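Asker: Sharing a structure below in structure tokens format, with a few things to ask.
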């Protein structure tokens, strides 16, 4: 997640390299990073790993408890589908939603915020009032409307969540840009005759990436939660496809008779969210130049 | 553009830089409708000339508009009124694209070496940026030029791939100077280039600037609040007070024969390392008045030890009090009507 970390040069140590080193010294963040990588590998390799297809029903094996001998390590649901396979499939969708929606919000938000902040004046006012306008729109109403008009579709969820999330990103980036705009190295670039877009791309964006990276690691879990919430309401992905949120929803209904239906997806969800939050916290400390002084 | 308009925008002059009645006002807005309620007159009608290869030292108290004047000359801040000519060509009122061509010829060295270098770029990237922007030379030529420039400013070429935060203030200032030199400018504004540095490092950087001036023939506008520093580097000294020039003469004449009471007060504040010499320091009362509401008449009259009745009513004209061939401009009623 530490985008741009591979800024390898001979001799010099970039701020990214120092930050990477500080991050490695943070045990919680490092552990979270490895755990997350493990999750991602499991989720991607899921179809080959699990012995069962996540759509395959087997009514004779409905609601069996987890057992190593039976081949269903996490047990089965009421329709006899393998919970392990379904957790991995759901995890894949959840992580995908988290990543794609965050990427969308990253691209739009950084561009929008940097241009508004750098240009200032009327351009800034206009662009930010548009953001305010979108903020005022009730999100749930927007999603329900989309679902009603276009039908339930995984792409729509990406679009809907991304469309709402870039607003925060734009505000954060704008604030950072305004504080950068009058720094002297930006003036120096202006004096060289560099164009507005060159300055934004070369000087503004690289200097606010630290804040952006931290915000991204905190946005991914937030987006995953929103997706879970949508799925919980029945607005998310469509059966037989599933997501972590949908699985938790179904598990909660049968919590008393078949607790394994709730426990495994919930553990996966909580684990991923913890990882992202720890990494985000670790990055924030690592990228903060002040943490250099207190000898961490 | 027709010929008449073209000729209006050029000047025949042997000076490299010519500033005519330059003004920079900042509007003060207040209220719900953000109406302009008053103006901060940071630069209030300044005329100045800098010949090729010469250094003009600009001295004045904090907040008197020195930096604003430098930035208005470079078109980093759009002047409110007045004209600036660079090598005879008017650069005020040019569009961004038109200006780009002239940007090569004028550069700036900033006061704060920590804020003036982007922390995310390597030394090589910082110094070659002007070359990249203006597409000067091939990539290998640019690389060679960067190494050359490092040598000129006295840094080892091994540091090319390091980052600004790995250097001391003096070294960073040298990197900033190398960047300013990269496009081979004719004119550089040095905006308090040493005031953020330790005294021991100050002299090194000042010597470097003096060398550059001698070897490369670059003209400088050297801004400082430190008269001792100004004396060291300048050919001509201009004293600024509240957005206006009060006195302008050769460095030698300013220090030996100051005319304006303000200049006298400034000079008396330079510490002299001689315990036997009795200091006769002129203490100015009060603060610099607000440039939002400058005093009527001469802007210096509320603090001037020699103020007369006329001073509070009539702004003093600029008169030449120097001998033949050595102009010494003063704006003060004490010298009004006296021909030198």
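The values are calculated or read from the model by the stated rules, or taken from the named source; none is laboratory data. This one's a predicted model, so the numbers in the text were calculated from it and none came from an experiment. Please note: Cβ atoms are built from the backbone with ideal geometry, for glycine as well, and neighbour counts cover all protein chains shown.
Asker: Of all residues being more than 10 Å from every other protein chain (Cβ to nearest Cβ) and touching a helix residue (DSSP H, G or I) at 6+ places or on another chain (Cβ under 6 Å) in the range B:155-171, which is surrounded by the fewest Cβ atoms within 10 Å (Cβ to Cβ)? Just the residue, please.
Answerer: The first filter runs over the range B:155-171 and keeps only residues more than 10 Å from every other protein chain (Cβ to nearest Cβ), leaving B:155-157, B:167-171.
After this cut, where a residue has to be touching a helix residue (DSSP H, G or I) at 6+ places or on another chain (Cβ under 6 Å) as well, the list is B:155, B:157, B:170.
On the way: B:155: 20, B:157: 13, B:170: 19.
Out of the qualifying residues, it is B:157.
Asker: Which one of A:179, A:228 is more than 9 Å from chain B (Cβ to nearest Cβ), assigned to a helix (DSSP H, G or I) and surrounded by fewer than 24 Cβ atoms within 10 Å (Cβ to Cβ)?
Answerer: None of the other options fit; the residue is A:179.
Asker: Sort out which residues of the range B:67-94 are at positive phi and within 13 Å of chain A (Cβ to nearest Cβ), and write them in order of number.
Answerer: B:75
Asker: Among the numbered criteria (1) away from every other protein chain (no Cβ under 14 Å); (2) under 25 Å from the mean Cα position of the chain (by Cα), which one does residue B:145 miss?
Answerer: (2)
Asker: Do we have residue B:194 as in contact with a helix residue (DSSP H, G or I) (Cβ under 8 Å, 6 or more places away or on another chain), more than 14 Å from every other protein chain (Cβ to nearest Cβ) and either within 30 Å of residue B:84 (Cα to Cα) or not in a helix (DSSP H, G or I) (or both) here? It would help to see each step written out before you state the result.
Answerer: Values: in contact with a helix residue (DSSP H, G or I) (Cβ under 8 Å, 6 or more places away or on another chain): yes; more than 14 Å from every other protein chain (Cβ to nearest Cβ): yes; either within 30 Å of residue B:84 (Cα to Cα) or not in a helix (DSSP H, G or I) (or both): yes.
Yes; evaluated as a whole, the condition is true for this residue.
Asker: While we're on this one: Regarding the range B:176-199, can at least one residue be identified that is over 26 Å from residue B:63 (Cβ atoms) and without any contact (Cβ under 8 Å) to a residue 40 or more places away in the chain?
Answerer: no
Asker: Test each condition in (1) within 14 Å of chain A (Cβ to nearest Cβ); (2) over 13 Å from residue A:188 (Cβ atoms); (3) in contact (Cβ under 8 Å) with a residue 40 or more places away in the chain for residue B:116 and report the one that comes out false.
Answerer: Just one mismatch for residue B:116, condition (2).
Asker: Would you point out which residue out of B:32, B:48 is away from chain A (no Cβ under 14 Å) and over 15 Å from the mean Cα position of the chain (by Cα)?
Answerer: Numbers: B:48 fails: over 15 Å from the mean Cα position of the chain (by Cα).
Testing whether each residue is away from chain A (no Cβ under 14 Å) and over 15 Å from the mean Cα position of the chain (by Cα) leaves just B:32.
Residues checked against (1) buried (at least 24 other Cβ atoms within 10 Å of the Cβ); (2) at pLDDT 80 or above; (3) assigned to a loop (DSSP other than H, G, I, E, B):
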{"position": "A:234", "(1), (2), (3)": "no, no, yes"}
{"position": "A:239", "(1), (2), (3)": "no, no, yes"}
{"position": "A:247", "(1), (2), (3)": "yes, yes, no"}
{"position": "A:252", "(1), (2), (3)": "no, yes, no"}
{"position": "A:262", "(1), (2), (3)": "no, yes, no"}
{"position": "A:269", "(1), (2), (3)": "no, yes, no"}
{"position": "A:275", "(1), (2), (3)": "yes, yes, no"}
{"position": "A:283", "(1), (2), (3)": "yes, yes, no"}
{"position": "A:291", "(1), (2), (3)": "no, no, no"}
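Asker: Tell me, yes or no, whether the range B:95-106 has at least one residue that is in contact with a strand residue (DSSP E or B) (Cβ under 6 Å, 6 or more places away or on another chain), touching a residue at least 24 places away in the same chain (Cβ under 8 Å) and within 8 Å of chain A (Cβ to nearest Cβ).
Answerer: yes
Asker: Can you work out which of the residues in the range B:123-141 that are within 14 Å of chain A (Cβ to nearest Cβ) and surrounded by fewer than 20 Cβ atoms within 10 Å (Cβ to Cβ) is nearest to residue B:203 (Cα to Cα)?
Answerer: Once the filter is applied, the top-ranked residue is B:125.
Asker: If residue B:64 satisfies every condition in (1) more than 14 Å from chain A (Cβ to nearest Cβ); (2) part of a helix (DSSP H, G or I); (3) modelled with pLDDT under 90 but one, which is the exception?
Answerer: The one condition residue B:64 does not meet is (2).
Asker: Provide a single number: the residues in the range A:191-214 that are crowded, with 19+ Cβ neighbours inside 10 Å and without any contact (Cβ under 8 Å) to a residue 60 or more places away in the chain.
Answerer: Of the residues in that region, 7 qualify.
Asker: All but one of (1) part of a helix (DSSP H, G or I); (2) facing chain A (nearest Cβ under 10 Å) hold for residue B:183; state the number of the condition that does not hold.
Answerer: All conditions are met except number (1).
Asker: Given (1) within 14 Å of another protein chain (Cβ to nearest Cβ); (2) modelled with pLDDT of 75 or more; (3) within 30 Å of residue B:162 (Cα to Cα), identify the lone condition not met by residue A:23.
Answerer: (1)
Asker: Just wondering, is there one or more residues in the range B:208-221 that are within 14 Å of another protein chain (Cβ to nearest Cβ) and either touching a residue at least 40 places away in the same chain (Cβ under 8 Å) or at negative phi (or both)?
Answerer: Yes: one or more hits.
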